[in-house]
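What follows is a single structure, written as structure tokens, with notes after it.
Just so you know, all these numbers are worked out from the coordinates, no wet-lab data involved. Since we're looking at a predicted model, the values are computed, not measured. Using ideal geometry, Cβ is built from the backbone for each residue, glycine included, and neighbour counts are taken over all protein chains shown.
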């Protein structure tokens with residue numbers, strides 16, 4: 001297939017693009033290379049993962065750029081990962097999230113409608129469930145009380161995709177990711193932030209005094225699930241991609257201490273605005289519809305992360 005990967009120089013997008021190429025697909029990547037974090041990291045991912053892809057620097061909110069892209073290519077499917085990420089930054093800059101995550105998704109869907117591209121796989125988030133959903137999170141929960149603007153905009157993308165499915169027949173599988181981690185991750189993500197501070201002898205911030213649980217999911221497992229969704233037309237569906245086994249935050253810190261060989265200094269803080277207490281995926285739907293099951297334990301995943309972190313070019317961070 002000829003596949004467009006939006007946000008393809010990002011943490012998950014770059015790993016996905018490389019996997020799709022190895023499976024014989026022709027992959028075009030679009031990424032804005034913006035300065036939310038140091039663009040040199042995205043350039044490094046481009047060199048590491050995207051050598052066999054056509055890489056276009058452009059913003060999905062720019063309708064002219066997107067129209068030109070679709071006019072010059074005959075895509076069979078869109079893997080939509082481009083987004084303004086991060087719960088905490090959405091407290092400071094909500095307008096950026098609405099622009100990129102809502103308008104950008106609509107611009108893409110409209111280009112797909114105009115050019116007859118009938119399938120999308122959309123990267124959504126477990127944050128859509130908010131704080132009022134019972135655990136484990138099941139896909140048919142209302143998910144209508146998001147805590148952060150980030151979560152609200154990603155949920156909006158799911159709903160836009162549903163309307164385009166009903167009106168124009170564009171099929172979309174929305175994949176709700178649960179706390180993705182691994183090598184080449186973003187500098188604003190907890191695992192990398194903690195590793196940087198711990199190895200520099202600085203204190204790490206522990207919110208809600210450590211009383212948090214996260215369903216950590218290794219990036220290769222997320223890519224496995226995404227590829228299965230690419231290969232499996234389902235009409236319109238929302239599917240969790242997670243481990244289905246949440247871990248206490250302090251247990252996670254202890255594993256990271258063990259692998260890095262350092263003891264973490266800790267700032268114990270109250271709950272962070274926009275955050276949730278627990279994420280916990282019910283993965284039965286992913287197993288049933290996609291044959292997906294996460295394979296990487298947190299212990300193995302942290303080992304892989306720390307092996308990369310120790311030898312990576314720290315100047316990019």
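Odds and ends about this structure:
- Per-residue Cβ neighbour rank within 10 angstrom, fewest leading, 5, 98: 98, 5
- Relative contact order of segment 96-226, defined on C-alpha pairs under 8 angstrom at six or more residues apart (%): 27 percent
- Taking segment 43-122 and dividing mean pair separation by its residue count, relative contact order in percent (alpha carbons under 8 Å, at least six apart): 42 percent
- Evaluated over the Cα positions of the chain, the convex hull gives a direction-averaged projected area, one quarter of its surface, of 14.6 nm².
- With neighbours defined as other Cβ atoms within 10 Å of a residue's Cβ, the residues 205, 313, 31 order from fewest to most as 313, 205, 31.
- Length-normalised contact order of the chain in % [C-alpha pairs under 8 Å, at least 6 apart]: 18 percent
- Counting DSSP beta bridges with both ends in the chain, the antiparallel % (nearest 5): 5 percent
- Selected from 169, 130, 244 as most flexible by GNM, with the chain as the system and alpha-carbon contacts under 10 Å: 169
- Among 182, 225, 201: highest mean-square fluctuation, GNM of the chain, C-alpha pairs under 10 Å: 201
- Among 134, 237, a tally of other beta-carbon atoms within 10 Å of each Cβ gives an order, fewest to most, of 134, 237.
- Helix-only mean residue ellipticity at 222 nm for the chain, each DSSP H run of n ≥ 4 adding -39500 (n - 2.57), per residue, nearest 500: -12000 deg cm²/dmol
- Across 230, 149, 55, mean-square fluctuation computed from a Gaussian network of the chain (C-alpha pairs under 10 Å connected) peaks at 55.
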